[in-house]
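Below: the structure, in structure tokens.
The values are calculated or read from the model by the stated rules, or taken from the named source; none is laboratory data. None of the values given here were measured: they were computed from a predicted structure. Cβ sites come from the backbone with ideal geometry, for glycine too, and all protein chains shown count toward neighbours.
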């Protein structure tokens, strides 16, 4: 089973990439066959933009979504709250856009790249 990278190093770099709004740097953490889930997908891309609501497959599809999200939220800034390490995954707790509390789960492939991610937000 693939092991995640150093949890704190990954978290610091991931947050820094997002806060820099550097899409190539953000994408460098992810595998080509990435599966990504977030309730924000339909907000940003519109209903029906993904085959499965709020679920995207492939780095290209996710890159398109994140590009639009960065445009939609020009003041986007994440503040890391906690890093949680699992047996084969990581979870980052952070303050997200619109001051939402977020938890994002990451699963890694054998190269240490994120192959699956799921974002969760506190209802508000």
remark   = Just one listed residue, out of 121, 73, 94, 65, is surrounded by 15 or more Cβ atoms within 10 Å (Cβ to Cβ) and under 22 Å from residue 31 (Cα atoms), and it is 65
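So that you can scan it fast, the table gives a plain yes or no per residue for (1) farther than 21 Å from residue 107 by Cα; (2) modelled with pLDDT of 95 or more:
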| position | (1), (2) |
| --- | --- |
| 10 | no, yes |
| 27 | no, yes |
| 30 | no, yes |
| 42 | yes, no |
| 52 | no, no |
| 71 | yes, no |
ask   = Given the conditions (1) surrounded by 14 or more Cβ atoms within 10 Å (Cβ to Cβ); (2) under 13 Å from the mean Cα position of the chain (by Cα); (3) under 23 Å from residue 10 (Cα atoms), which single one is not true for residue 85?
value = (2)
ask   = If the Cβ limit is 6 Å and pairs must be 6+ apart or interchain, which residue in region 1-23 that is exposed (fewer than 13 other Cβ atoms within 10 Å of the Cβ) pairs with which residue that is modelled with pLDDT of 95 or more?
value = 8/83
request  = Go through region 93-117 and give me each residue that's closer than 23 Å to residue 71 by Cβ and part of a strand (DSSP E or B).
outcome  = 94, 95, 102, 104, 114, 117
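Identify all residues within region 54-66 that are in a helix (DSSP H, G or I) and either under 18 Å from residue 115 (Cβ atoms) or at pLDDT 95 or above (or both); write none if there are none.
Of the residues in region 54-66, the ones in a helix (DSSP H, G or I) are 59-66.
Across region 54-66, the qualifying residues are 59, 60, 61, 62, 63, 65, 66.
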query = Which residues, taken from region 11-32, are within 12 Å of the chain's Cα centre (by Cα) and part of a helix (DSSP H, G or I)?
reply = 11, 14, 15, 17, 18, 23, 26, 27
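Considering only residues that are assigned to a strand (DSSP E or B) and modelled with pLDDT under 95, which ones fall in region 73-89? Quick ask: steps written out before the conclusion?
First pass over region 73-89, keeping only residues assigned to a strand (DSSP E or B): 79-85, 89.
85, 89 - these are the residues of region 73-89 that are assigned to a strand (DSSP E or B) and modelled with pLDDT under 95.
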